[in-house]
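Structure first, then comments.
The values are calculated or read from the model by the stated rules, or taken from the named source; none is laboratory data. Owing to the predicted nature of the structure, the values given are computational and were not obtained by experimental measurement. Every residue, glycine as well, gets a Cβ built from its backbone with ideal geometry; the counts of neighbours run over all protein chains shown.
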Amino acid sequence: MKLEKVACLEELSDRKLLRLKGPGYDLCIVLTDNKVHAFANRCPHTGARLHASRVRHNVLTCSHHLAQFDLCSGSVLTFPMEGLDVEKTGPLVVFDAEVDADGWVSVDLGEIELYGRGPVR
Amino acid sequence: MTGAALADPPLVGAITVGGERLLQQRCDRESFAEYRAAGGYRNAVRGAGVLRELSVAGLRGRGGAAFPTAIKWQAVAERPGPRHVVVNAEEGEPASAKDRWLLRHRPHIVVEGALAAASAIGADTIWIYVADRPAAESAREAAAELRADTSLGPIPRINVVEVPHTYVAGEETSVVRAIDGGPALPTTKPPRPFERGAAGSPTLVQNAETLAHVALIVRSGAKQFRGAGSNTAPGTLLLTISGDCIRPGLVEVATGTRLREVLALAGGVRGGGAPAGFAFGGYFGGIAGPRTVDLPIEHDALRTEGIGLGCGAVIVLGTHRCVVAVAATIGKFFAAQSAHQCGVCVRGTAAIQGALERLRGGRADPANVEQLQRFAGLVRGRGACALPDGAANVVESLIREFPGTVADHVGRVCLRCRLPVDDVIPNLAARPVTSGARPEETRSREESQ
Ligand SMILES: Cc1cc2nc3c(=O)[nH]c(=O)nc-3n(C[C@H](O)[C@H](O)[C@H](O)COP(=O)(O)O)c2cc1C
Ligand code: SF4
Ligand code: FES
């Protein structure tokens, strides 16, 4: 599933998360270092929401247990500081985000049915 | 039990690049004048620069979880003030002595680290949180010495809080609860102290040793700090080595040093022969087999082997020890130190204790071993604090590392199990005060500025 023109580049202030929620999806987009990233609004540690988290360069820090993820690949950079199954924390689900010539952002969610149902891990 | 004096650990030695950093061969207390003359309180970096330097240094917490310090500081710094810094020197692990050694003998290196943290995150209050009376007195004296010296300019308020020495008192939510006048017992999370801690303000709770490393980082820089230790957990760490070794005490090693080298510094296994195993992390990290001597002492490397380094307390178990007896004694410790707030912890730690006692007494059948493993899975992560995980670690490590020994105990009485192990698995004098505790009975607080 592809979400077309979900936001305009001008709406995105640097490093501020924009939450997009609709039927079967809940994700965040963010502009950082002149690049737009899109990712599932669900921390792979406990499944908690991520839209209050912090982004710096391409690193997302979850506000719950301070785990860090690379926004380009989704990989875990720092495991959570505590909580259940800290070391089993999987990667963040990231999606392809494109910006067209007019500055509109589109997000390719891929297999959205899978994402909507199961755990992110 | 507030204010009891605990044993003063002897120093054993150091294996680092460029010698000792935190440890010094001394029995006395380093005064303000002495610390200053040796280059203390002349920090080159202050304010936001400290956070940058810390991030490059890659310092990880020494209180147990080895979490990257800079990330936690950033989380506190970006929340609205006022903010607090807590030096966590409660040291609830009975086999650990590093934090009390630092506060008794080198209080200023810890206080300088706390001042650097306060300047980096914009905190106006520092709490020094301790269970050991001499450490508390030394901290108070350090605060008074700082106050008397005007050359450092304005510094945050420094308060010393003393609590009874219990296992859960060092957990970070217990810490902020006790500082706020309550009993030193964990609370549910969220909020976590970095969100809402002492007096409802964002609070940085940091282990005393971690802050001592911070003082060295602000003085000599990240590059120097990274000159010892592994890439992913750089620097040195303090280990308290005890149990069946010839010279028990404190050791400072570069992370990644093999346990074999540390054991040699401690004079080897008492009575000779190969060790039966090691209890790690104090009691929290589980029991590891003799193979551990060749593993690097580093959180990540040990974690992949299922062993928790925790706060760096390592108990050597001599050839004559039975690991089942050791596990049963640690199981009993966790059941006794449960703060009786969470049903799963009260019932789970008691069930684990009972099952381990049955195994020790030769009364277990194969189903009991499976049951033991199930209990461990059931309690893990289910308490308000991680105490039940400590009990689970002991069970799981015992079954994983010593399957033959466990099998030999099923339905059979082990004579070595009859030998008491209290000499190497010490208990705590105090238990968590769980009901009817009046805060003023469980803590004493002194404001020194
Ligand atoms: C049951 C329990 C007991 C703890 N006891 C201590 C303690 O005695 N000292 C300590 O520094 N941290 C202790 N911790 C860890 C603290 O909650 C906290 O993570 C630590 O002080 C943070 O410091 P660090 O990041 O410098 O390691 C304990 C944790 C748990 C779950
Ligand atoms: S898990 Fe146990 S020790 Fe921790 S708060 Fe609950 S009852 Fe207390
Ligand atoms: S929920 Fe994100 S780190 Fe735990």
How many residues are surrounded by 21 or more Cβ atoms within 10 Å (Cβ to Cβ) and out of contact with any Gly (no Cβ under 6 Å at 6 or more places or on another chain) when one looks only at region B:252-262? 5
Here are some residues: A:96, A:85. Which one is among the acidic types (Asp, Glu) and within 12 Å of another protein chain (Cβ to nearest Cβ)? A:85
Of A:28, A:72, A:62, A:43, which residue is within 11 Å of chain B (Cβ to nearest Cβ) and within 12 Å of the chain's Cα centre (by Cα)? A:62
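Matching residues to (1) touching a Phe, Trp or Tyr at 6+ places or on another chain (Cβ under 9 Å); (2) within 14 Å of chain A (Cβ to nearest Cβ); (3) more than 16 Å from ligand 3 (Cβ to nearest atom):
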| position | (1), (2), (3) |
| --- | --- |
| B:333 | yes, no, yes |
| B:337 | yes, no, yes |
| B:356 | no, no, yes |
| B:361 | no, no, yes |
| B:383 | no, yes, yes |
| B:407 | no, no, yes |
| B:416 | no, no, yes |
| B:419 | no, no, yes |
Any idea which of (1) assigned to a loop (DSSP other than H, G, I, E, B); (2) more than 14 Å from every other protein chain (Cβ to nearest Cβ) is the one residue B:146 doesn't satisfy? (1)
Which of (1) surrounded by fewer than 24 Cβ atoms within 10 Å (Cβ to Cβ); (2) under 23 Å from residue B:282 (Cα atoms); (3) within 14 Å of another protein chain (Cβ to nearest Cβ) is the odd one out, the single condition residue B:171 does not satisfy? (1)
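Given B:223, B:189, which one is surrounded by fewer than 20 Cβ atoms within 10 Å (Cβ to Cβ) and away from ligand 3 (no atom under 16 Å from the Cβ)?
One residue alone meets the criteria, B:223.
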Can you tell me which residue is surrounded by the fewest Cβ atoms within 10 Å (Cβ to Cβ) among those in region B:48-94 that are in a loop (DSSP other than H, G, I, E, B) and aliphatic (A, V, I, L, M)? B:65
Could you tell me how many of the residues in region B:342-354 are assigned to a helix (DSSP H, G or I) and either within 14 Å of another protein chain (Cβ to nearest Cβ) or within 16 Å of ligand 1 (Cβ to nearest atom) (or both)? 6
Using the structure shown, decide if residue B:374 is surrounded by fewer than 21 Cβ atoms within 10 Å (Cβ to Cβ) and in the same structural domain as residue B:402 (by TED's automatic domain parsing). yes
